[in-house]
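J.: Structure provided below as C-alpha cells; questions to follow.
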Amino acid sequence: MRSDGSSPNIDLTPDFLTVPECDGIVRGISASSGRPGHLVRAGQAVLDTSVRSCSEHSVSPTTSEGLYRRLTELLHLKQFLPRGDAEVFDGPYFLSYGKGSFFRPHRDIGSEDDPPTMRARRWSLVLYLNGRESLGGLPSFDGGALAIYDRTRAAADPRLVIIPHPGLLVLFRSELLHEVMEVREGTRYAVVGWACTSQR
C-alpha cells in the first residue's frame, strides 16, 4: 500500500503530475482571485490567521473535474478509497501560500460538532505543484515544507519533513498531527483533499 517505506501511515507518489501539468494548474490558480483560508471550529468556518495563513482558489471545472478523476482512480488503486457508494473523496481544493504563510500543527479529523464529511476523513492528501527549483517555468519557493508527526516511524524523530517537488503526491492518515511550515520566499502552490468513509 505504501511507496516510501517510512511508515504504514504515510505514502508518497513522486511524479503523480508532470511539470507541464503542474504549470497549467498553477496558471489557473494564479489567474483566479484568492480568498483567505478558513478553519472549521465546532462546525463553523472561521478565519484565524494566527493558525492558518493561505489563500483558497477556484479553477476551471475542466481542471477540477479532471484532477478529481485522476486522484480518485489512484486512491482506489492504492486502496485508500475502496470502491463503493459508502466512500467519498472530498476535494480537490486549490491553495496558494505566499511569503510568510503557514498552517500551524493540526489534525484533519473533525469532532462531533463538525460536518459529517469532516468527521469521516481517513486519509489526507497534499499534491505539490511547485518546489524549491524553477522547473519548466514553474515559480520556485523556499520553506513551506509539509511536516507530519508519526510516532510509528522507525526513527528517533517522529517528524517527517517532506521537501516540496512538483507533482509529488503525499497521503497520510488524517489523525496525524501535521503542519505547513512558513514560506520564506516565493509562493507555494498545492492541492489538498481527503478520502472519507461513511462511518461516523
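J.: Starting from residues that are at pLDDT 95 or above and surrounded by 13 or more Cβ atoms within 10 Å (Cβ to Cβ), keep the ones in region 61-80 and report whichever is farthest from R121 (Cα to Cα).
T.: T63
J.: Which ones in region 165-180 are over 10 Å from N130 (Cα atoms), in contact with a strand residue (DSSP E or B) (Cβ under 6 Å, 6 or more places away or on another chain) and assigned to a loop (DSSP other than H, G, I, E, B)? Lay out the reasoning, then the answer.
T.: Here is the first cut: in region 165-180, the ones over 10 Å from N130 (Cα atoms) are 169-180.
Then keep just the ones that are in contact with a strand residue (DSSP E or B) (Cβ under 6 Å, 6 or more places away or on another chain); that gives 169-172, 174, 176-180.
Listed by number, the residues that qualify are S174, L176.
J.: Of everything in region 98-118 that's in contact with an Asp or Glu (Cβ under 9 Å, 6 or more places away or on another chain) and buried (at least 17 other Cβ atoms within 10 Å of the Cβ), which residue is farthest from W194 (Cα to Cα)? Break it down stepwise before answering.
T.: Let us first name the residues in region 98-118 that are in contact with an Asp or Glu (Cβ under 9 Å, 6 or more places away or on another chain), namely 99-109, 117-118.
With buried (at least 17 other Cβ atoms within 10 Å of the Cβ) added as a condition, the list becomes 101-103, 108-109, 118.
On the way: S101: 22, F102: 19, F103: 17, D108: 9, I109: 10, M118: 9 Å.
Going through the qualifying residues, I end up with S101.
To keep it simple, each residue is scored yes or no on (1) out of contact with any Leu (no Cβ under 8 Å at 6 or more places or on another chain); (2) farther than 24 Å from G43 by Cβ.
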| site | (1), (2) |
| --- | --- |
| A145 | yes, yes |
| R151 | yes, yes |
| D157 | yes, yes |
| I162 | no, yes |
| A190 | no, yes |
| T197 | yes, no |
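J.: Out of curiosity, is Y149 over 19 Å from R104 (Cβ atoms) and modelled with pLDDT of 90 or more? Full working, then the answer.
T.: Working: over 19 Å from R104 (Cβ atoms): no; modelled with pLDDT of 90 or more: yes.
So Y149 fails the test.
J.: If you scan region 153-192, which residues turn out to be within 18 Å of N9 (Cβ to Cβ), out of contact with any Asp or Glu (no Cβ under 6 Å at 6 or more places or on another chain), in contact (Cβ under 8 Å) with a residue 12 or more places away in the chain and not hydrophobic (A, V, I, L, M, F, W, C)?
T.: Hits for region 153-192 are R153, R159, R173, E175, H178, E179.
J.: One residue is enough: does region 132-152 have a residue meeting the conditions farther than 23 Å from R188 by Cβ, in contact (Cβ under 8 Å) with a residue 40 or more places away in the chain and within 18 Å of the chain's Cα centre (by Cα)?
T.: Of the residues in region 132-152, the ones farther than 23 Å from R188 by Cβ are 151-152.
Adding the requirement that they be in contact (Cβ under 8 Å) with a residue 40 or more places away in the chain leaves 152.
After this cut, where a residue has to be within 18 Å of the chain's Cα centre (by Cα) as well, the list is none.
No - not one qualifying residue is present in region 132-152.
J.: Among (1) crowded, with 22+ Cβ neighbours inside 10 Å; (2) among the aliphatic types (A, V, I, L, M); (3) out of contact with any His (no Cβ under 8 Å at 6 or more places or on another chain), where does I148 come up short?
T.: Failed condition: (3).
J.: Among all residue pairs at least 6 apart or on different chains, which show Cβ distances below 8 Å where the first residue, located in region 89-115, is over 12 Å from Y189 (Cα atoms) and the second is assigned to a loop (DSSP other than H, G, I, E, B) and among the β-branched types (V, I, T)?
T.: Hits for this filter: F103/V51; R104/V51; H106/V51.
J.: Of the numbered conditions (1) within 15 Å of the chain's Cα centre (by Cα); (2) in contact (Cβ under 8 Å) with a residue 60 or more places away in the chain, G28 fails exactly one; give the number of that condition.
T.: (1) is the only condition that G28 fails.
J.: Collect the residues in region 54-112 that are out of contact with any strand residue (DSSP E or B) (no Cβ under 9 Å at 6 or more places or on another chain) and acidic (D, E), keeping them in residue-number order.
T.: Within region 54-112, E65, E73, D85, E112 qualify.
J.: Next up: Which of the following residues is of a type in the set (D, E, K, R) and over 19 Å from A145 (Cβ atoms): R121, R52, R104? Lay out the reasoning, then the answer.
T.: Details: R52 fails: over 19 Å from A145 (Cβ atoms); R104 fails: over 19 Å from A145 (Cβ atoms).
Going through R121, R52, R104 in turn, the sole match is R121.
The values are calculated or read from the model by the stated rules, or taken from the named source; none is laboratory data. Keep in mind the model is a prediction, meaning the values are calculated, not measured. A quick note on method: Cβ atoms are made from the backbone with ideal geometry, for glycine too, and the neighbour counts reach across all protein chains shown.
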